[in-house]
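Participant: Let me begin by handing over the structure; questions about it come next.
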Amino acid sequence: MRVVSRAAIGVAVVSLVGTGLSACSASSGGGGGGGGGNKSLNVLLVNNPQMVALQKVIPQFEKTTGIKVKLTLKPENDLRATAGTEFSQQAGQYDLATLSNFEIPIYAKKGWVADLTKYTTDPKASFDGKDFDQGDILKPMAKSLTVDGKIYGEPFYGESSFTMYRKDLFKAAGLTMPENPTWQQIAGFAQKLNKPGKVAGICLRGAVGWGQVMAPLTTVVNTFGGTWFDKNWDAKLNTGGFKKATEFYVNLVQKYGEKGAAQSGFTECDNAMIQGQAAMWYDATSAAGTFSTSKYANDMGYVAAPVDQVKNAGWLYTWAWGVEKASKNQDAAWKFISWASGKGFPAVIGAGSGAGMGWANVPAGARASLYDNPEYLKVASNFAKPTLAAINAAVPDGSNRPTHPPVPGIQFVGVAQFTDFGQTVSQQISNAIAGSTTVQAALDASQKIAQNGVKEYKK
């Protein structure tokens with residue numbers, strides 16, 4: 001969950017659930033019109049850099065299709081709130097929106113997003129009349145956007161998580177980073193490389209947010225054998241692997257982490273690495289592209305997410321396109337999706353010039369073919385392979401873990417209420433990192449918060 005603002009605090013979904021709103025029947029159901037002529041689309045977007053770049057090339061789509069596109073870009077939190085209201089009420093103001101693999105399965109089960117399956121196999125429906133090539137979508141991404149065998153979203157870009165480190169600092173210290181490090185090895189490296197006031201041994205998110213500190217921490221919980229809930233929806237936060245992982249994480253960042261860790265999220269750690277203020281960073285694979293213009297670009301190394309008891313510990317996240325079930329322009333919406341998520345789109349951004357354009361900035365992590373593209377590999381050769389390996393190793397439903405609730409999600413709990421209780425728990429963990437409370441007290445409070453958050457699932 002890269003957060004450029006990407007982290008996330010979305011309360012809209014749960015608040016809508018809380019008010020008892022449910023999906024209205026689709027006003028038209030879809031297939032509401034052709035894909036060209038005087039059609040127009042209203043598109044709701046998160047204002048991440050990739051979306052801003054997309055905005056610059058929209059005229060190319062409009063010229064080719066005759067479909068006018070009106071974009072509404074919002075910060076992530078506002079986007080989640082607006083999308084939650086729009087899709088739950090089937091208001092019809094927006095035809096499609098950027099939704100993540102957290103929202104799309106929830107929205108699909110409520111009947112808020114359209115089934116896109118038929119479009120993916122119909123070349124006549126696509127932007128360029130060619131096969132969309134659904135098989136080229138990276139399988140974990142496709143799986144995370146599929147519900148009951150039906151496709152409800154197409155990824156624009158995606159990510160897993162991995163370990164980023166400074167090869168020059170490791171060499172100077174006589175250290176060797178393994179391809180698949182354990183968390184204990186990472187802690188040892190952090191201790192040896194930590195130079196207070198100069199270079200932090202490691203940068204880790206500590207800021208409040210279910211998409212901030214809870215994203216990396218939950219992957220640590222997973223690999224330490226912990227879980228938010230057991231199969232009976234009993235919370236397990238203040239015991240076992242969850243407790244062990246949290247104690248480890250808080251201790252690591254307090255001893256060898258960045259200054260102000262309790263306020264640090266993706267952006268702060270990204271800046272720390274770019275400016276040479278940290279030796280290691282465990283976070284989103286999509287961060288690697290941001291180093292391309294850094295003075296340390298050639299010093300960066302990339303290996304798998306650290307593990308403990310579980311072999312793979314990376315997360316899985318994507319900003320994807322979801323079409324509102326009530327949209328009367330679903331055919332036109334698919335033409336847009338088949339363009340923006342199509343095999344040819346990276347070249348549109350890659351060939352562009354100006355801020356946010358060029359091959360280092362193409363939307364990655366969605367299609368396998370990008371990782372065979374020589375133009376992309378010219379700028380991504382040192383991180384493309386570990387990125388692809390991390391995404392392909394991710395298991396969206398968490399079924400590779402010894403204990404997990406019957407819900408999807410690696411770095412989140414895939415229920416609507418998580419935006420609320422995950423956020424509140426993150427405040428407790430951030431307080432522990434800041435030293436204003438103990439880990440045990442934070443987890444005892446979190447246990448009650450989490451249990452109350454899923455009380456409707458308890459039998």
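Participant: With every protein chain kept in the model, how would you rank Arg401, Arg80 by accessible area, 1.4 Å probe, largest at the top?
Facilitator: Heavy-atom accessible area, descending, gives Arg401, Arg80.
Participant: Which ³J(HN,Hα) values, rounded to whole Hz and listed in residue order, are derived for segment 286-299 from phi using the Karplus coefficients 6.51, -1.76 and 1.60 in 6.51 cos²θ - 1.76 cosθ + 1.60 with θ = phi - 60°, glycine and proline given as x?
Facilitator: 5, 5, 4, x, 6, 8, 4, 9, 6, 5, 9, 3, 7, 9
Participant: Follow-up. Quote the FRET efficiency, to the nearest 0.05, computed for Lys195 versus Thr239 with a Förster distance R0 of 45 Å and r equal to the Cβ-Cβ distance.
Facilitator: 0.80
Participant: Using alpha carbons only, how many angstrom separate the centre of segment 91-135 from the centre of segment 415-437?
Facilitator: Computed from Cα coordinates, the inter-centre distance equals 33 Å.
Participant: Let me ask something else about it. For Lys231, go through the lysines and keep the ones whose alpha-carbon is under 16 Å away, minus same-chain ones fewer than eight residues off.
Facilitator: Once the sequence-local lysines are set aside, what remains near Lys231 is Lys455, Lys458, Lys459.
Participant: Starting from the 7 Å offset along Cα-to-Cβ, what nm value, one decimal, do you get for the label separation of Tyr457 and Asn232?
Facilitator: For Tyr457 paired with Asn232, the spin-label model returns 1.6 nm.
Participant: If you roll a 1.4 Å probe over the heavy atoms of the protein chains, what accessible area per residue do you get for segment 337-459, in Å²?
Facilitator: Roughly 41 Å² per residue, with all protein chains present.
Participant: Step through the table entries Lys244/Lys295; Lys70/Lys335; Lys70/Lys325, compare each Cα-Cα distance with 26 Å, and write down the pairs that go over it.
Facilitator: Lys244/Lys295
Participant: Which shape class applies to the chain: rounded if a/c is under 1.5, otherwise prolate when a/b exceeds b/c and oblate if not, where a ≥ b ≥ c are the square roots of the Cα gyration tensor eigenvalues?
Facilitator: oblate
Participant: Rounded, prolate or oblate: which fits segment 343-459, taking a ≥ b ≥ c as square roots of the Cα gyration tensor eigenvalues, rounded meaning a/c under 1.5, else prolate when a/b beats b/c?
Facilitator: In terms of gyration-tensor shape, prolate.
Participant: Let me check I've understood the local charge: for Leu237, count other residues with C-beta under 10 angstrom from its C-beta, Lys and Arg +1, Asp and Glu -1. What total comes out?
Facilitator: Here the charged neighbours net out to +2.
Participant: Tell me, what is the FRET efficiency for Ala91 and Ala347 to the nearest 0.05, using R0 = 22 angstrom and their Cβ-Cβ distance as r?
Facilitator: 0.05
Participant: Rank these residues by their accessible area, most exposed first, probe 1.4 Å: Ile274, Ile151.
Facilitator: Ranking Ile274, Ile151 by accessible area, largest first, yields Ile274, Ile151.
Participant: Using a basic spin-label model with each label point 7 Å from the Cα along Cα→Cβ, how many nm lie between Lys130 and Glu375?
Facilitator: Simple spin-label model gives 1.2 nm for this pair.
Participant: What pairs from Lys236/Lys259; Lys74/Lys259; Lys143/Lys385; Lys195/Lys236; Lys195/Lys385; Lys74/Lys236 go past 26 Å between their alpha carbons?
Facilitator: Lys236/Lys259; Lys74/Lys259; Lys195/Lys236; Lys195/Lys385; Lys74/Lys236, as the Cα separations exceed 26 Å there.
Participant: Kindly identify segment 310-393 as rounded, prolate or oblate by the Cα gyration tensor criterion: order the square roots of the eigenvalues as a ≥ b ≥ c, call it rounded if a/c is under 1.5, otherwise compare a/b with b/c, prolate if a/b is larger, else oblate.
Facilitator: Because a/c hits 1.5 or more and a/b fails to exceed b/c, segment 310-393 counts as oblate.
Participant: Here's something else I'd like to know. Taking all protein chains together and a probe of 1.4 Å, list Lys244, Lys325, Lys295 from the most accessible to the least accessible.
Facilitator: Solvent-accessible surface, decreasing: Lys295, Lys244, Lys325.
Participant: On a full-extension model of 0.36 nm per residue, what is the gain between Asn180 and Leu71, subtracting their alpha-carbon distance, rounded to one decimal in nm?
Facilitator: Contour length minus the Cα-Cα distance gives 35.1 nm.
Participant: Moving on. Please tell me which of these pairs span more than 32 angstrom C-alpha to C-alpha: Lys139/Lys171; Lys56/Lys311; Lys109/Lys130?
Facilitator: Lys139/Lys171; Lys56/Lys311
Participant: What is the percent carbon and sulfur in the accessible area of the chain, measuring with a 1.4 Å probe over the protein chains and ignoring ligands?
Facilitator: Heavy-atom surface of the chain belonging to carbon and sulfur, 1.4 Å probe: 50 percent.
Participant: Right, another one. Taking only protein heavy atoms and a 1.4 Å probe, what accessible area per residue, in Å², does segment 213-298 have with all protein chains in place?
Facilitator: 34
Participant: While we're looking at this one, here's another question. Run the simple label-point estimate for Lys295 and Lys259 please: 7 Å along Cα→C-beta, distance reported in nm.
Facilitator: 1.8
Participant: Under unit Cβ charges (Lys, Arg +1; Asp, Glu -1), what dipole magnitude, rounded to 20 debye, does segment 71-157 have relative to its Cα centre?
Facilitator: Dipole of segment 71-157, to the nearest 20 debye: 240 debye.
The values are calculated or read from the model by the stated rules, or taken from the named source; none is laboratory data. Every value quoted in this text rests on a predicted model; they were computed, and no experiment measured them. Here the Cβ is made from the backbone with ideal geometry for all residues, glycine too, and neighbour counts use every protein chain on show. Accessible surface areas use protein heavy atoms only, side chains included; no ligands, DNA or RNA. Shrake-Rupley method; radii C 1.70, N 1.55, O 1.52, S 1.80 Å.
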